[in-house]
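The values are calculated or read from the model by the stated rules, or taken from the named source; none is laboratory data. Being a predicted model, the structure only gives us computed values, none of them experimental. No Cβ is skipped: glycine too gets one built from the backbone with ideal geometry, and neighbour counts run over all protein chains shown. Ligands, DNA and RNA are stripped out before the accessible areas are found, and what is left, the full protein with its side chains, is counted by its heavy atoms. Shrake-Rupley method; radii C 1.70, N 1.55, O 1.52, S 1.80 Å.
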Amino acid sequence: MLTSVLMGLGLLLLFEGLGPLLAPKAWQQMLRLMSDQPPEQLRRIGGCLVVAGAVIHWALGP
C-alpha cells in the first residue's frame, strides 16, 4: 500500500514538474490567469479535477 501511494506521489510530482520545466513562460502566464479567477471558479475547477481523477481511478482500479 505504501509503495502504491509513493508511486502515485512520484507520478504526480513528475507531471506537475513538466510545465515549469518545458514551458516556464507559458506556465507563469497560466498561473497569472488562474490567480485572477474568483475563488468560486477555482473551486469548480478543483472539483472537476477531483471527479476526473476519481473516475479514472475507478475505471482502472482492480
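Data for the structure
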| item | result |
| --- | --- |
| Average accessible surface area per residue within the chain, 1.4 Å rolling probe, Å² | 92 |
| Accessible surface of the chain, 1.4 Å probe, proportion on carbon and sulfur as whole % | 74 |
| Extension gain from Trp58 to Lys25, taking 0.36 nm per residue of separation minus the Cα-Cα distance | 8.4 nm |
| Cα point-scatterer Debye curve for the chain, base-10 log of I(q)/I(0) at q = 0.26 Å⁻¹ | -1.11 |
| Helix 24-35 vs. the chain, principal-axis angle (Cα, 0 to 90°, nearest 10) | 80 |
| Calculated [θ] (222 nm, deg cm²/dmol) that DSSP helices of n ≥ 4 give over the chain, each run adding -39,500 (n - 2.57) | -30000 deg cm²/dmol |
| In nm, spacing of pseudo-spin labels at Leu33 and Leu2 (7 Å Cα→C-beta vector) | 4.2 |
| Vicinal HN-Hα couplings computed from phi for the range 6-16 (Karplus, 6.51 cos²θ - 1.76 cosθ + 1.60; Hz; Gly/Pro x) | 5, 5, x, 4, x, 5, 4, 5, 4, 5, 5 |
